[in-house]
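The values are calculated or read from the model by the stated rules, or taken from the named source; none is laboratory data. Everything numeric here is computed off the predicted structure, so don't read it as measured data. Cβ atoms come from the backbone with ideal geometry, glycine included; neighbour counts cover every protein chain shown.
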Amino acid sequence: MLQRLLEANQYTSRELRCKLSSLGLRASVGRTGDCWDHAMAESFFGALKNELVHRTTFPTRAHAHRTIVHYTEMFHNRKRLHSGLGYKTPAQVHAEYEELPATA
């Protein structure tokens, strides 16, 4: 049932919220019409599809998994520059954050 709801894009339906609740889960979506709720995730998945998925034929599910993990960890996070991060990679931004002095 959960898979059917997700495939039907019923992310904010009462039926989905009840099912998630019965599983001890909480949906991470905002109010209907909140265009900023998942903007970063939407951007990532758009890039993933345009830069990899739509250009690749995956012979097996395992091959797809390995290829997508490699894209994410080795290219998207370490080499691909992101305009929203000042044309830095997520790895660079994370390293800079880790170097900040701790404040109490």
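Return only the number of the condition from (1) part of a helix (DSSP H, G or I); (2) within 25 Å of ALA39 (Cβ to Cβ) that LYS79 does not satisfy.
Just one mismatch for LYS79, condition (1).
Residues are listed down the side, and each one gets a yes or a no for (1) over 30 Å from ALA95 (Cα atoms); (2) modelled with pLDDT of 90 or more:
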{"site": "TYR11", "(1), (2)": "yes, no"}
{"site": "ARG31", "(1), (2)": "yes, no"}
{"site": "ASP37", "(1), (2)": "no, no"}
{"site": "ASN50", "(1), (2)": "no, yes"}
{"site": "ARG55", "(1), (2)": "yes, yes"}
{"site": "ARG61", "(1), (2)": "yes, yes"}
{"site": "HIS70", "(1), (2)": "no, yes"}
{"site": "MET74", "(1), (2)": "no, yes"}
{"site": "ARG78", "(1), (2)": "no, yes"}
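Looking only at residues that are not polar (S, T, N, Q) and not in a helix (DSSP H, G or I) in region 82-100, which one is nearest to PHE58 (Cα to Cα)?
Restricting to residues being not polar (S, T, N, Q) and not in a helix (DSSP H, G or I), the top hit is HIS82.
Tell me which residues, restricted to region 51-69, are among the aliphatic types (A, V, I, L, M) and either exposed (fewer than 12 other Cβ atoms within 10 Å of the Cβ) or in contact with a Lys or Arg (Cβ under 9 Å, 6 or more places away or on another chain) (or both).
The answer is ALA62, VAL69.
Is there a residue in region 70-80 that is loosely packed, with under 14 Cβ neighbours inside 10 Å, more than 29 Å from SER13 (Cα to Cα), among the polar types (S, T, N, Q) and without any contact (Cβ under 8 Å) to a residue 60 or more places away in the chain?
Within region 70-80, not a single residue is loosely packed, with under 14 Cβ neighbours inside 10 Å, more than 29 Å from SER13 (Cα to Cα), among the polar types (S, T, N, Q) and without any contact (Cβ under 8 Å) to a residue 60 or more places away in the chain.
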